[in-house]
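Some notes on the structure that comes next.
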Amino acid sequence: MNNENTSAMNASIKPDYTVGEHPDLPPPSNTVGTIAWVRENLLSSPANIIMTILSIYFLYKVLPPSLNWMFFDAAYVGEDRNACRAVANGACWAFISERFQLFTYGFYPIEHRWRVDLSFVLLVVAVIPILFDKTPYRKYGLIFAMVFPFIAGWLLTGGLGLAPVPTEKFGGFMLTLVVGITGIAFSLPLGILLALGRQSNLPIIKVFCVSFIEFIRGVPLITLLFVASTMLSYFLPPGTNFDLLLRVLIMVTLFSAGYMAEVIRGGLQAIPKGQFEASDAMGLKYWPSMRLIVLPQALKISIPGIVNTFIGLYKDTTLVIIIGLLDPLGIGRASLSDTKWTGLSNEVYLFVALFFFISCFGMSRYSLYLENKLQTEHRK
Amino acid sequence: MSNSTKIGTEQMNTDQDNIVIRINEMHKWYGQFHVLKNINLNVKRGEKIVICGPSGSGKSTMIRCINRLEEHQQGQIVVDGTELSNDLKNIEVVRKEVGMVFQHFNLFPHLTVLENCTLAPIWVRKTPRLEAEEMAMQYLERVKIPDQANKFPGQLSGGQQQRVAIARSLCMKPRIMLFDEPTSALDPEMIKEVLDVMIELASEGITMLCVTHEMGFAKTVADRVIFMDGGEIIEENSPQHFFDNPQHDRTRLFLSQILNH
């Protein structure tokens, strides 16, 4: 009876294809395309439906007024605040355009600002071959990138035929870029060395690296900047004039290097023991084995953390305001005290925020690109 | 001097010269734990040795002492005339001559198959890149995967990865090859392709020490089978005697456990 039943059922679902050669069929239409995307992402459950409705309502409430304030009701030209107010009741961007030079160059002498512009162009030329490995003539680009810091230092501060410009004149975006990029460029190699040192078998190196890292992590950056601006002159022999900006650069670099070291140590610890054993067994010595096998893998794993530290450093450059250097935020605050333009803090802070957002978002996107490019394993 | 004695001394001399690995009363501890106890082993040039034993018996640790991935604390290990000690120079010399294949392949995942193979020749032997690549391709052909040369290890099957690992070791032209359970991490259908490569390699006269439980492989290629338990060499014999007529109870027990199921 039972047997008969199964054979009957088997007969009724007799396949219409040769077993072992089932053809590939297209997926059901409700699992692909726009409608499927909406169903999957916006309306998949009651909670999801409520969230979707609330989000749409929120955007409806917030987006039109902000856009109006920022663009449609905004004044783009005008002598002062009252002129702005006369034409529009939104943002007064005339203020920003009037102060744009100040925001960009700080107090850098006007007749020498071409040097800043040239440094920026050279910076782009130096950075592209580092970021993209398909750049034509990359080898020469990388060599140029090595000498770029010296060229930029010479262009910005002068000397050797160029009129000297004291670093107190630096300010605005240019100051942020100088501090941020110097910090980024030097904290990574320093962080790598500290991380390797912390893993070292040699006790002196290990103790030095551990105490350095722990000291840096235990002290706020502001404190270090204060030390840089005031206390260092007590330790240095009287009469030595140690440039304030240079002190700041050193402190910022050391500070990030401490954090960088810990991020990279995390990456180093994720490398399986077998990788070290394989390179040992092949007879590779310490440095080649680190450079060719361990670090490429450890740094790849650490990319999110490294970029996190870079972004943190970049944003922390605003702290230089504490010791009297005027970064964009400082310039903005100073500009706000101008009686012609009182009460425009929204515009100023939004503008400075936009600058930082573009820089930091760029870094974050680049790190994603890099992670994808370096992905050589199949993720399951 | 009579003819016969002359031949005799020559025979003795070549025997002495022919010993490439000499392990003398070697002991090793992990902290308090005595892992290797009084290991004595002489390996002749070109000899194929299979080492087996229950897990934790110290067989992997022993062959890892031969290229100093593990340190021994007492006794003497001399590899091709170089004694292993804390002297880094000696360790370097030995590691150039000794290739190793691991249970988990340990290929470098960020490098292509070809780069995996050329890395050590270029950086340790200072071979020019083109020459190293040519040689690597030869060895990849020998392990029958030249077409995968530009892929990354993660894109290959386990068996293919292990064959790359063998090619990678051979690129250093080692005189001695150590295999640490080379097939234990493989799916059953891939074990054969790796063993085939190893059998072919064995026929070419390289000295091989192989920790494995593949008793078929042991019967085919081994000159000597060594059985270890509890950190000691319990028994060593030709494969024929070892399998047909094991001397020790522990060997008999082990063989009955791995052969009859």
Scanning segment A:274-296 residue by residue, the ones that are open to solvent by 20 Å² or more (accessible area, probe 1.4 Å), facing chain B (nearest Cβ under 8 Å) and not hydrophobic (A, V, I, L, M, F, W, C) total 5
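Filter the helices (runs of 4 or more DSSP H) completely within segment A:239-309 down to those with at least 3 residues that are within 25 Å of A:Gly218 (Cα to Cα). Don't jump to the end; show me each part of the working.
Values: elements: A:244-269, A:273-281, A:286-289.
Answer list for segment A:239-309: A:244-269.
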Qualifying positions in segment B:82-111 - within 11 Å of chain A (Cβ to nearest Cβ) and either touching a His at 6+ places or on another chain (Cβ under 6 Å) or in a loop (DSSP other than H, G, I, E, B) (or both)
B:Phe102, B:Gln103, B:His104, B:Phe105, B:Asn106, B:Leu107, B:Phe108, B:Pro109, B:His110, B:Leu111
If B:Ile191 satisfies all but one of (1) within 14 Å of chain A (Cβ to nearest Cβ); (2) β-branched (Val, Ile, Thr); (3) surrounded by fewer than 22 Cβ atoms within 10 Å (Cβ to Cβ), what's the number of the condition it fails?
(1)
Mind listing just one residue for me: the one in segment A:34-81 that is under 28 Å from A:Asp338 (Cα atoms) and open to solvent by 100 Å² or more (accessible area, probe 1.4 Å) and, of those, modelled with the lowest pLDDT?
A:Glu79
Which of the residues spanning segment A:318-372 are within 16 Å of the chain's Cα centre (by Cα), open to solvent by 70 Å² or more (accessible area, probe 1.4 Å) and of a type in the set (Phe, Trp, Tyr)?
A:Phe357, A:Phe361, A:Tyr369
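Here is a check on your reading of the model: is B:Ala149 surrounded by 23 or more Cβ atoms within 10 Å (Cβ to Cβ) and without any contact (Cβ under 8 Å) to a residue 40 or more places away in the chain?
Details: surrounded by 23 or more Cβ atoms within 10 Å (Cβ to Cβ): no; without any contact (Cβ under 8 Å) to a residue 40 or more places away in the chain: yes.
Criteria not met by B:Ala149.
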Can you tell me which of A:Ile184, A:Ile192 is assigned by TED's automatic domain parsing to the domain that holds A:Val294, within 21 Å of A:Pro288 (Cα to Cα), modelled with pLDDT of 90 or more and out of contact with any Ser or Thr (no Cβ under 7 Å at 6 or more places or on another chain)?
A:Ile192
Conditions (1) touching a residue at least 60 places away in the same chain (Cβ under 8 Å); (2) among the charged types (D, E, K, R); (3) open to solvent by 80 Å² or more (accessible area, probe 1.4 Å): number failed by A:Lys206
(1)
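Does A:Leu313 qualify as being assigned to a loop (DSSP other than H, G, I, E, B) and either more than 10 Å from chain B (Cβ to nearest Cβ) or over 24 Å from A:Ile181 (Cα atoms) (or both)? Working first, answer last.
Numbers: assigned to a loop (DSSP other than H, G, I, E, B): no; either more than 10 Å from chain B (Cβ to nearest Cβ) or over 24 Å from A:Ile181 (Cα atoms) (or both): yes.
In short, no.
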Hey, can you tell me all the residues within segment A:131-156 that are modelled with pLDDT of 90 or more and β-branched (Val, Ile, Thr)?
A:Ile143, A:Val147, A:Ile151
Determine whether segment A:256-272 contains at least one residue that is without any contact (Cβ under 8 Å) to a residue 12 or more places away in the chain and either at the interface with another protein chain (Cβ under 9 Å from one of its Cβ atoms) or crowded, with 23+ Cβ neighbours inside 10 Å (or both).
yes
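The values are calculated or read from the model by the stated rules, or taken from the named source; none is laboratory data. The shown structure was predicted, so the numbers you read here are calculated from the model rather than taken from an experiment. Quick reminder, even Gly has a Cβ in these numbers, built from the backbone with ideal geometry, and neighbours come from all protein chains shown. Ligands, DNA and RNA are excluded from the accessible area calculation, which covers all protein heavy atoms including side chains. Shrake-Rupley method; radii C 1.70, N 1.55, O 1.52, S 1.80 Å.
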